[in-house]
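The values are calculated or read from the model by the stated rules, or taken from the named source; none is laboratory data. Treat the numbers as computed from the prediction; the structure is a model and nothing was measured. When we count neighbours, we look across all protein chains shown, and the Cβ atoms used for this are built from the backbone with ideal geometry, even at glycine. Just so you know, the surface numbers come from the protein's heavy atoms only, side chains and all, with ligands and any DNA or RNA stripped out. Shrake-Rupley method; radii C 1.70, N 1.55, O 1.52, S 1.80 Å.
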Amino acid sequence: VDAFQAWCGPCKTVADLFRKVRNEVGSDLLHFAVAEVDSIDALEKYRGKCKPVFLFYAGGELVAVVRGANAPLLQKTILEQL
């Protein structure tokens, strides 16, 4: 989940990376979403920062967090979590 604030917007710089990884691993295993933290109370702790935050969930549980648009770290985290 790309957690963002409306004044900062979702992180567009990693969209191509997400598409590439999803094409490589298949759509059944991996799903990407964006969430505006200002409108979701459960994501309140991610408000007030312009740095993008990527949340990784498995089985409904938060399993990893990556702060910043670090493409190599995002790809590594995605593949490790799969």
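A straight Cα-to-Cα reach below 24 Å connects Lys20 with the lysines Lys12, Lys51, Lys76, residues fewer than 8 places away in its own chain not being considered. Quick one: among Ala69, Ala33, Ala15, which has the greatest mean-square fluctuation in a GNM of the chain with alpha-carbon springs under 10 angstrom? Result: Ala33 has the largest fluctuation of those listed.
For the chain, a crude dipole built from +1 on the beta carbon of Lys and Arg and -1 on the beta carbon of Asp and Glu, taken about the Cα centre, is about 340 debye to the nearest 20. Since only Thr77, Val63, Val34 are under comparison, the one whose Cα sits farthest along the positive direction of the charge dipole of the chain, derived from C-beta charges on Lys, Arg, Asp and Glu, is Thr77.
Averaged over its residues, the chain has an accessible area of 64 Å² per residue, based on protein heavy atoms and a 1.4 Å probe. Compared with the dominant principal axis of the Cα atoms in the chain, helix 15-25 is inclined by about 30°. Just to confirm the number: angle between the C-alpha axis of helix 71-81 and the first principal axis of the chain, 0 to 90 degrees, nearest 10? Value to nearest ten degrees: 70.
Roughly to the nearest percent, how much of the accessible area of the chain is carbon and sulfur, given a 1.4 Å probe?
Looking at the chain in its full context, I get 52 percent from C and S.
Only aspartates and glutamates eight or more places from Lys45 in sequence, or on another chain, were considered; those with a Cα closer than 20 Å are Asp2, Glu36, Glu61.
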